[in-house]
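Peer 1: Sharing a structure, written as structure tokens. Questions coming.
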Amino acid sequence: MIGYLVRRVLAAIPVMIVVALFVFLLLRLTPGDPAAVIAGDMATPQQLADIRASLGLDQPIYNQFVTWAGQLLTGDFGTSLISRTPVLTLIDQRLEPTISLALVTIVLTVLIAVPMGVIAAWRHGSFIDNLVMSASVLGFSIPVFVIGYILIQVFAINLRLVPVQGFASISDGIGPFTQRIILPALTLSSIYIALIARMTRASMLNVLGEDYVRTARAKGLSERLVLFRHALRNAAVPILTVIGTGFALMISGVVVTESVFNIPGLGRLTVDAILARDYPVIQALILLTSGVYVLINLLIDLSYALMDPRIRY
């Protein structure tokens, strides 16, 4: 197991180097000038040149990359070109809303989608099965921002059960935190519920006809134990893959949901940085997202051995 972990960590290093190089070159070679954003529309050519010189943007791309790579090796992600705030400070300020939203979303998704998929497979071909499949198709078909605006209209404006927008830290209390996070989490989970419910149903259908399931039923075990202890555990490997990948996608794909609900998370920070051509912030956010993908994929692979003892590393 330790040897496998070491090999996976070593294999991730060239991946991160390629990502860093690709992002750096892509940002420098695409149109746009951070100096123009900072100086404004009335800036003179000399003012733009002075700003580029002060930010180091007048240096050759090779020199800029060497400087940035040297900073990364010391754990320094640089300073925002726009706010002049250290990038790590900006990320730290925006991390909690995004992590909170992703965790609550994945918990809601698992609690709703997995039982839906299990029941649909158990009642294969019935009205319940058709209802679950129809709901999953509906979840895929409606854009996330439409679901968000519908939830705001119904629960925040008409029923006045929760605030319309904004974010409350968990340190402000469970009540305010829950009121602010529930609608964004339901919005973001809609597509993942559809995806994981379909995957759970398909995996369960593959194992429900196996001999060990028939043996468990012949032993007189309750249908609940047969489904959730024996069948679901053996069907869990592809489900875990989808859940883990979905979590990584949430970290990088909450832009729309955070914009709809005015949540100051990493998604909003990414949009602001791209619009302002804030190179250090964009580079740091993409590297962070890539690191999350690598870590979650490693955790998914390790979890396989827990769900299926036949898997060894």
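Peer 1: Among the numbered criteria (1) under 30 Å from Leu27 (Cα atoms); (2) out of contact with any strand residue (DSSP E or B) (no Cβ under 9 Å at 6 or more places or on another chain); (3) of a type outside the set (S, T, N, Q); (4) surrounded by 19 or more Cβ atoms within 10 Å (Cβ to Cβ), which single criterion is violated by Pro280?
Peer 2: Failing condition for Pro280: (2).
Peer 1: Would you confirm whether or not segment 28-42 contains a residue that is of a type in the set (A, V, I, L, M), part of a helix (DSSP H, G or I), modelled with pLDDT of 80 or more and open to solvent by less than 80 Å² (accessible area, probe 1.4 Å)? Before you say what the answer is, go through the steps one by one.
Peer 2: In the first step, residues of segment 28-42 are kept if they are of a type in the set (A, V, I, L, M); the result is 29, 35-39, 42.
Applying the additional criterion that residues be part of a helix (DSSP H, G or I) yields 29, 35-39.
When the remaining residues are screened for being modelled with pLDDT of 80 or more, the result is none.
Checked segment 28-42: no residue is of a type in the set (A, V, I, L, M), part of a helix (DSSP H, G or I), modelled with pLDDT of 80 or more and open to solvent by less than 80 Å² (accessible area, probe 1.4 Å).
Peer 1: Looking at segment 223-244, can you tell me whether even one residue there is within 16 Å of Gly117 (Cβ to Cβ) and among the acidic types (Asp, Glu)?
Peer 2: Taking every residue of segment 223-244 in turn, at least one turns out to be within 16 Å of Gly117 (Cβ to Cβ) and among the acidic types (Asp, Glu).
Peer 1: Then there's this: List pairs: first residue in segment 42-71 and over 24 Å from Val18 (Cβ atoms), second residue open to solvent by 40 Å² or more (accessible area, probe 1.4 Å) and of a type in the set (Lys, Arg) anywhere in the structure, Cβ distance under 9 angstrom, at least six positions apart or on different chains.
Peer 2: Correct list of pairs: Asp58/Arg52.
Peer 1: Return yes when Asn262 is open to solvent by 30 Å² or more (accessible area, probe 1.4 Å) and touching a residue at least 40 places away in the same chain (Cβ under 8 Å) and no when it is not.
Peer 2: Here the answer is yes, as Asn262 does meet what is asked.
Peer 1: Residue check: is Leu138 part of a helix (DSSP H, G or I), out of contact with any His (no Cβ under 7 Å at 6 or more places or on another chain) and open to solvent by 80 Å² or more (accessible area, probe 1.4 Å)?
Peer 2: So Leu138 passes the test.
Peer 1: Give the residue, chosen from Ala231, Ala248, that is modelled with pLDDT of 80 or more and in a helix (DSSP H, G or I).
Peer 2: Checking each option against the conditions leaves just Ala231.
Peer 1: For Leu188, work out the one condition from (1) open to solvent by less than 10 Å² (accessible area, probe 1.4 Å); (2) farther than 29 Å from Ser303 by Cα it doesn't fulfil.
Peer 2: (2)
Peer 1: Mind telling me which of the residues Val118, Val104 ends up being crowded, with 16+ Cβ neighbours inside 10 Å and under 20 Å from the mean Cα position of the chain (by Cα)?
Peer 2: Sole residue among the options that is crowded, with 16+ Cβ neighbours inside 10 Å and under 20 Å from the mean Cα position of the chain (by Cα): Val104.
Peer 1: If you don't mind, another one. Of the residues in segment 72-82, how many are out of contact with any strand residue (DSSP E or B) (no Cβ under 9 Å at 6 or more places or on another chain) and open to solvent by less than 60 Å² (accessible area, probe 1.4 Å)? Quick ask: steps written out before the conclusion?
Peer 2: Going through segment 72-82, the residues out of contact with any strand residue (DSSP E or B) (no Cβ under 9 Å at 6 or more places or on another chain) turn out to be 72-75, 81-82.
Filter once more, so that each one left must be open to solvent by less than 60 Å² (accessible area, probe 1.4 Å): 72, 75, 81.
Of the residues in that region, 3 qualify.
The values are calculated or read from the model by the stated rules, or taken from the named source; none is laboratory data. These numbers were taken from a predicted model, which means no experiment stands behind them. Every residue, glycine among them, receives a Cβ derived from its backbone with ideal geometry; neighbour counts consider all protein chains shown. Just so you know, the surface numbers come from the protein's heavy atoms only, side chains and all, with ligands and any DNA or RNA stripped out. Shrake-Rupley method; radii C 1.70, N 1.55, O 1.52, S 1.80 Å.
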